[in-house]
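Colleague: Can you read through this structure? Questions will come right after.
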Amino acid sequence: MDILPLNTVKPEGWLKEQIRLSSEGFFGHLTDISEYLTPDNGWLMWRKTAEEFSAETGKPVSEYQSFGWEEQAYWLRGAYRLALLGGDPSLLAQCEPYFEAILESQRDDGYFGPECLRNIETKGEPAPDIWPHMVMADVLRDRYLATGDERIISLLTAFFHYCLDLPDDKFLPPYKTYKTWYGMIQVQRSCDMVPVIRWLYELTGDDKLEKLAQRFFKVWETGEGAESDDHVVTFAERVRYQAQRYPFSKDPSDIEGSCRMYLDHMAKWGQMPGGLYAADERTREGKRDPRQATETCAMSEIVRSFGYLASLTEDVSWLDRAEDVMFNSYPASHTPDYSGLHYLTADNLPELDALDHDYTNKGCMTRFSPFRYRCCQHNAASAWPNFVTTLFAGKDDGIAACAYAPCVFEGDAAGRRIRIEEDTEYPFRDTIRFTVSTDGPFSLYLRVPRWTDRPAVTRGGRPVEALPKDGWIVLKDVGDGEAIELRLPMTASFRSFPDNGGFVCIDRGPLTYSLLMKENWIPADSRSDRAGHVWTEYDVKAEKPYTYALDVTRAPTAEEAPAVAPQPFTPDNAPVRITAWGKPLPDWGIGDDNTIEPVPESPVEADGDEQALTFVPLGCMRARMSCFPRLK
C-alpha cells in the first residue's frame, strides 16, 4: 500500500477538533514559549558556528543542541502538518521563515542547515550531526507533496549525495567519540531518513540513493547502531527499520524481523492496555505493571512506525495498534484544551504532580505544562497528523480505508480521481458510512479490526457478502455516487493479562475504559510567554476511592450518550459509559514513592458488598485507573 500525501485528507467531526485544539493550544504558540524557537536559533541563523553562538551566549561549544538541534525540526514537522490539516494561516506563517532559511542554507557540497551542527566536537576529527536533518527531511517531503516546490528535490538530492560522500570517520561515527551524549542519537536512529531516501529514489531513479540507504542500514545493524532498544522513543522508531529494508532487498525476512522485534518487545513490556509499553524513558527489569508510564514522544513515533509497517505489510494488526494508541493513550497526554502536556502517561495514574515517582527520571514528569518536557513539547503535535496518514492508502486497483475517523479523502489512486466522504462517530459508535465520487470504477478495501468477528456491509442500502480475507473486505467496481456502510459491532468485555499478574481491563471495540473518578485540577506555576500570554501548569488528582477488584462473572454493560461532542475526550463528554461490578480494596493505594502501588495479583479476596462502578473511555481521563485485579 502507498502512503498518500497528508493534504489529501480533510479531518471532520471530533478529529477536526483535535487538529484545531492542537493548533490553537500551546503548540501553536511555541515560537513565543520555547527557548529553542527564538529568532536566533541555528535553523534560522544557520550561518553561525557553534563557537560564535558560544561567544554570544557564554555556553560551552559542546552545547550545540541549544542552537539548532532536534527541537526546531520536531516543531516544524508538527506545525506544518497541523497547518496543512487544519488550514491554520497563523501556524503556516510561522513555518514559512524556516522553509526559506532551509532552502537558502544549502552549501556547495550539499550540506544544509545549521553550521553549528556541521562540525561537532569529538575526541578526534570534528563530524556532522545529521539527526536533526533526518527529521527535517521528513517535513521537507511533506512540503514538496503539498506545494510541488522543485527546490526541495534539488536540496534533498544534494544533501543525500553529501552524506554518501562523507568519509567513514565522519559518517555517523561511534557516539562514544562525541564529547556529549547528543552524538549517540544519529547513530542509534540511523535509518530514520530511509523512507525519504526511498521516496526520492522512486521519484528520481538516482542509483546513488540506494547506496546511501545501504550505508545507513550498515550502521543500524552493526556496532553502536544496534544498541539501545530499551529507550522508549528509540524503540518506537527502530522497530520499523528492518522492514524499511524490504523495498530494497525484497527479502521477506526483513519484514519478519520487524514483526518479531515488536512482538518480542511487547510480550515483555507491553502487557497492559493502551497500545504502549512500560518504558518511562527506558525499560527496567521488574517494572512492567500498569503504573509504569510511556513518554509522549514515543506515542507520536510509534504511530508513525505503525503507518510505515502497515504500508509495507498490509497487515491490519498495525492499524489496530495505531488506533489503540491514538484513541486510548494519546488524548490523556494533553489537557483537554491542549494548553499543556506531560512527559509520562500510564494506565494506572490517579495522581499527576511534580513529585518524584517510581520512574527513571525524577521530579516533574506528570504535571501538565506548556513549558517543560523539551522533546515532547516540540514533537507531540505530530501524533494526530501521523494518525491521519493511516486513514487511507493507495492500492494498484483502488484505495484502502485503513483506520477510521470522520474525514473527507480527495486525491488520485489507481488512475482515478476519487473523493470519499467518511461519516462516522467511530471509535465511539460502530457504523462508518462512505459516500463516493469518482471519475471511474475502482476497488475499495475496508479494514476489519481484529477485535470484531461480525462485520456487515451494505452498498446502496443492500447487504453484500462481508467475508474478510487477511483482515480486508474488498468491494469491486465502486462507482460514482455509491453509498457504502460498514458496521463493526462492539461488545463490552473483560480482557485479562495472565503474564502480568492476571489483572483485567474493560474493552469495547477499539476503546479501553477507565474508572470514572472525580478529577481535581490544581493550578500550579503560571508564566508569561514572549508575547505576553499567560500559561498555567496543572496538577490533577483523583478523589478516592478508586481501588477495586472486579467481578468478571458479571458481564459489563454499555450505554451510549445521545451525541458525540466535538471534544469527546473528557469525563463529562464521554460518549459511552460502561457499568461493571466490583468490591473496594482499601489496602491498595499510593505507596511511599508517590506512585499507585502495583495491581495486586489476581484473584483477590475482598470484603463488603459489590458495587456498580462506572467506566468511561480511557482517553477521556487524565487521572486514570484502568487495570484491576480479578475478584476471587
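Colleague: For the stretch 581-613, name all the residues that are closer than 16 Å to L515 by Cα and part of a loop (DSSP other than H, G, I, E, B). Even if it seems obvious, please write down each step before you answer.
Modeller: The initial filter retains those residues of the stretch 581-613 that are closer than 16 Å to L515 by Cα, namely 581-586, 588-589, 596, 599, 610-613.
Selection gives L585, P586, W588, G589, V599, E610.
Colleague: Of the conditions (1) under 17 Å from V196 (Cα atoms); (2) buried (at least 22 other Cβ atoms within 10 Å of the Cβ); (3) in contact (Cβ under 8 Å) with a residue 60 or more places away in the chain, R238 fails just one. Which one is it?
Modeller: (3)
Colleague: Of all strands (runs of 3 or more DSSP E) completely enclosed by the stretch 480-564, which ones contain at least 1 residues that are among the hydroxyl-bearing types (S, T, Y) and touching a helix residue (DSSP H, G or I) at 6+ places or on another chain (Cβ under 9 Å)?
Modeller: On the way: elements: 483-487, 492-497, 503-508, 511-515, 519-528, 534-542, 548-550, 557-560.
Output list reads 511-515.
Colleague: Mind checking which pairs have a first residue in the stretch 161-175 that is within 15 Å of I185 (Cβ to Cβ) and a second that is loosely packed, with under 15 Cβ neighbours inside 10 Å, Cβ under 6 Å, 6 or more apart or different chains?
Modeller: none
Colleague: Could you check how many residues of the stretch 353-388 are part of a helix (DSSP H, G or I), more than 22 Å from M621 (Cβ to Cβ) and among the small types (G, A, S)?
Modeller: 1
Colleague: Looking at the stretch 33-46, is at least one residue without any contact (Cβ under 8 Å) to a residue 24 or more places away in the chain and either touching a Ser or Thr at 6+ places or on another chain (Cβ under 7 Å) or on the phi > 0 side of the Ramachandran plot (or both)?
Modeller: no
Colleague: Pairs needed: first member in the stretch 255-269, under 18 Å from T283 (Cα atoms); second member anywhere, of a type in the set (F, W, Y) and part of a helix (DSSP H, G or I); C-beta distance under 7 Å; at least 6 residues apart or different chains.
Modeller: Between residues of the stretch 255-269 that are under 18 Å from T283 (Cα atoms) and residues that are of a type in the set (F, W, Y) and part of a helix (DSSP H, G or I), the close pairs are H265/F235.
Colleague: Hey, among F409, F428, which residue is under 23 Å from the mean Cα position of the chain (by Cα), not in a strand (DSSP E or B) and not small (G, A, S)? Please lay out each step first, then the result.
Modeller: Details: F409 fails: not in a strand (DSSP E or B).
Exactly one residue qualifies, and that residue is F428.
Colleague: Please work out which one of (1) part of a strand (DSSP E or B); (2) free of Cβ contacts under 8 Å to residues at least 24 places away in the same chain is the condition V474 fails and give its number.
Modeller: (2)
Colleague: Any residue in the stretch 133-140 that is closer than 29 Å to T389 by Cα, assigned to a helix (DSSP H, G or I), within 25 Å of the chain's Cα centre (by Cα) and not aliphatic (A, V, I, L, M)? Don't jump to the end; show me each part of the working.
Modeller: Start the filter on the stretch 133-140 by keeping residues that are closer than 29 Å to T389 by Cα, which leaves 133-140.
Checking the rest, the ones that are also assigned to a helix (DSSP H, G or I) come to 133-140.
Going one step further and asking which of them are within 25 Å of the chain's Cα centre (by Cα), we end up with 133-140.
When the remaining residues are screened for being not aliphatic (A, V, I, L, M), the result is 133, 138.
Within the stretch 133-140, one or more residues are closer than 29 Å to T389 by Cα, assigned to a helix (DSSP H, G or I), within 25 Å of the chain's Cα centre (by Cα) and not aliphatic (A, V, I, L, M).
Colleague: Moving on. So which of F99, F112, F159, F171 ends up being part of a helix (DSSP H, G or I) and farther than 23 Å from N386 by Cα? Please lay out each step first, then the result.
Modeller: Numbers: F99 fails: farther than 23 Å from N386 by Cα; F112 fails: part of a helix (DSSP H, G or I); F171 fails: part of a helix (DSSP H, G or I).
From the options F99, F112, F159, F171, the qualifying one is F159.
Colleague: Assuming I578 fulfils every condition listed in (1) within 30 Å of E605 (Cα to Cα); (2) in contact with a Pro (Cβ under 9 Å, 6 or more places away or on another chain); (3) part of a loop (DSSP other than H, G, I, E, B); (4) aliphatic (A, V, I, L, M) apart from one, which condition is it?
Modeller: For I578, the failing item is (3).
Colleague: I'd like the residue in the stretch 578-596 that is touching a residue at least 60 places away in the same chain (Cβ under 8 Å) and surrounded by 18 or more Cβ atoms within 10 Å (Cβ to Cβ) and, out of all such residues, is nearest to Q18 (Cα to Cα).
Modeller: I578
Colleague: Take the stretch 525-550 and flag every residue that is over 21 Å from P336 (Cα atoms) and either surrounded by 19 or more Cβ atoms within 10 Å (Cβ to Cβ) or in contact with a His (Cβ under 6 Å, 6 or more places away or on another chain) (or both). Give the steps one after another, and end with the answer.
Modeller: Kept after step one, since they are over 21 Å from P336 (Cα atoms), are these residues of the stretch 525-550: 530-532, 544-550.
Within the stretch 525-550, Y546, T547, Y548, A549, L550 meet the criteria.
Colleague: I'm trying to understand the selection: among the residues of the stretch 146-179, which are surrounded by fewer than 16 Cβ atoms within 10 Å (Cβ to Cβ), over 23 Å from S105 (Cβ atoms) and within 30 Å of the chain's Cα centre (by Cα)?
Modeller: K176
Colleague: Does K179 meet the test of being over 21 Å from I302 (Cβ atoms) and free of Cβ contacts under 8 Å to residues at least 60 places away in the same chain? Before you say what the answer is, go through the steps one by one.
Modeller: Values: over 21 Å from I302 (Cβ atoms): yes; free of Cβ contacts under 8 Å to residues at least 60 places away in the same chain: no.
Here the answer is no, as K179 does not meet what is asked.
Colleague: Would you check which residues across the stretch 302-355 are closer than 28 Å to V504 by Cα and basic (K, R) and list them?
Modeller: Scanning the stretch 302-355 gives a single hit, R321.
Residues are listed down the side, and each one gets a yes or a no for (1) free of Cβ contacts under 8 Å to residues at least 60 places away in the same chain; (2) closer than 27 Å to R433 by Cβ:
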{"residue": "L4", "(1), (2)": "no, yes"}
{"residue": "N7", "(1), (2)": "no, yes"}
{"residue": "K48", "(1), (2)": "no, no"}
{"residue": "S54", "(1), (2)": "yes, no"}
{"residue": "G58", "(1), (2)": "yes, no"}
{"residue": "G87", "(1), (2)": "yes, yes"}
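Colleague: On to the next question. Any idea which residue in the stretch 336-364 is surrounded by the most Cβ atoms within 10 Å (Cβ to Cβ), counting only those that are more than 22 Å from T547 (Cβ to Cβ) and of a type in the set (A, V, I, L, M, F, W, C)?
Modeller: Initially, the stretch 336-364 is screened for residues more than 22 Å from T547 (Cβ to Cβ), giving 336-343, 354, 360-364.
After this cut, where a residue has to be of a type in the set (A, V, I, L, M, F, W, C) as well, the list is 341, 354, 364.
Working: L341: 25, A354: 16, C364: 20.
The extreme case among them is L341.
Colleague: Tell me the helices (runs of 4 or more DSSP H) entirely within the stretch 209-283 that contain at least 3 residues that are over 23 Å from C375 (Cα atoms) and over 17 Å from the mean Cα position of the chain (by Cα). Give the steps one after another, and end with the answer.
Modeller: Details: elements: 232-238, 241-244, 246-249, 252-269.
Ranges flagged: 241-244, 246-249, 252-269.
Colleague: Answer yes or no as to whether V616 is in contact with a Pro (Cβ under 8 Å, 6 or more places away or on another chain), aliphatic (A, V, I, L, M), touching a residue at least 40 places away in the same chain (Cβ under 8 Å) and not in a strand (DSSP E or B).
Modeller: Values: in contact with a Pro (Cβ under 8 Å, 6 or more places away or on another chain): yes; aliphatic (A, V, I, L, M): yes; touching a residue at least 40 places away in the same chain (Cβ under 8 Å): yes; not in a strand (DSSP E or B): no.
Against the criterion (in contact with a Pro (Cβ under 8 Å, 6 or more places away or on another chain), aliphatic (A, V, I, L, M), touching a residue at least 40 places away in the same chain (Cβ under 8 Å) and not in a strand (DSSP E or B)), V616 does not qualify.
Colleague: For the stretch 312-332, which positions are surrounded by 24 or more Cβ atoms within 10 Å (Cβ to Cβ) and of a type in the set (S, T, N, Q)?
Modeller: Of everything in the stretch 312-332, those that are surrounded by 24 or more Cβ atoms within 10 Å (Cβ to Cβ) and of a type in the set (S, T, N, Q) turn out to be N328, S329.
Colleague: Can you name the residue in the stretch 419-450 that is over 30 Å from I578 (Cβ atoms) and among the β-branched types (V, I, T) and is also surrounded by the fewest Cβ atoms within 10 Å (Cβ to Cβ) among such residues?
Modeller: Within the stretch 419-450, the subset over 30 Å from I578 (Cβ atoms) is 419-421, 435-445.
In the following step, the residues that additionally are among the β-branched types (V, I, T) were identified as 420, 435-436, 438.
Details: I420: 23, T435: 15, V436: 21, T438: 21.
Within the stretch 419-450, the match that is surrounded by the fewest Cβ atoms within 10 Å (Cβ to Cβ) is T435.
Colleague: A further question follows. Looking at the stretch 2-48 only, could you name the residues that are part of a loop (DSSP other than H, G, I, E, B), surrounded by fewer than 18 Cβ atoms within 10 Å (Cβ to Cβ) and at pLDDT below 95?
Modeller: Residues of the stretch 2-48 part of a loop (DSSP other than H, G, I, E, B): 4-5, 12, 25, 34-48.
Checking which are surrounded by fewer than 18 Cβ atoms within 10 Å (Cβ to Cβ) leaves us with 5, 12, 35, 38-40, 47.
Of everything in the stretch 2-48, those that are part of a loop (DSSP other than H, G, I, E, B), surrounded by fewer than 18 Cβ atoms within 10 Å (Cβ to Cβ) and at pLDDT below 95 turn out to be P5, E35, T38, P39, D40, R47.
Colleague: Another question, then. With within 24 Å of P350 (Cβ to Cβ) and within 26 Å of the chain's Cα centre (by Cα) as the only criterion, which of I506, I522 stands out?
Modeller: Values: I522 fails: within 26 Å of the chain's Cα centre (by Cα).
It is I506.
Colleague: Of all residues in the stretch 431-470, which are basic (K, R), part of a loop (DSSP other than H, G, I, E, B) and without any contact (Cβ under 8 Å) to a residue 60 or more places away in the chain? First the steps, then the outcome.
Modeller: As a first pass, look at the stretch 431-470 and keep what is basic (K, R): 433, 447, 450, 454, 459, 462, 469.
Remaining after also requiring part of a loop (DSSP other than H, G, I, E, B): 450, 454.
Matches in the stretch 431-470: R454 only.
The values are calculated or read from the model by the stated rules, or taken from the named source; none is laboratory data. Please read these numbers as outputs of a predicted model, since none were measured by experiment. Note: ideal-geometry Cβ built from the backbone for every residue, glycine included; neighbour counts use all protein chains shown.
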